[in-house]
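One structure is given below, encoded as structure tokens.
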Amino acid sequence: KELGNAIQGRSEYGSKNYYRGPKPPFGVHRYRFMVFVLDCFLDYNHTLKKRDIIKGMEGHIVQSGSIMGIYGKKQ
């Protein structure tokens, strides 16, 4: 899904490019969301993996931030 100039990458759910919320298989899990301000647009392909995107951002990160949430299912 494209939101202005923002693009959502591939999720751990497979071939979908959107966030569907936490889905822990068991117990309590931590979820960390990271945002980056870059000094350029990346030549982004929606099939790239996280490590490829992080590598492409090297040298272009102006600011960054993160927030972590904890989510768990009742047994």
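Please say if segment 21-75 is rounded, prolate or oblate, where rounded means a/c under 1.5 for a ≥ b ≥ c the square roots of the C-alpha gyration tensor eigenvalues, and otherwise the choice is prolate for a/b larger than b/c and oblate otherwise? The shape class here is prolate.
Note the full-extension length gain between residue 41 and residue 67 as 0.36 nm times their separation in residues minus their Cα-Cα distance, in nm to one decimal.
Values: separation 26, 0.36 × 26 = 9.36 nm, distance 2.33 nm.
Between residue 41 and residue 67, full extension yields 7.0 nm more.
All of the numbers you see were taken from the coordinates with simple rules; none came from a lab. It should be emphasised that the depicted structure is a prediction, and the values quoted were computed from it without experimental measurement.
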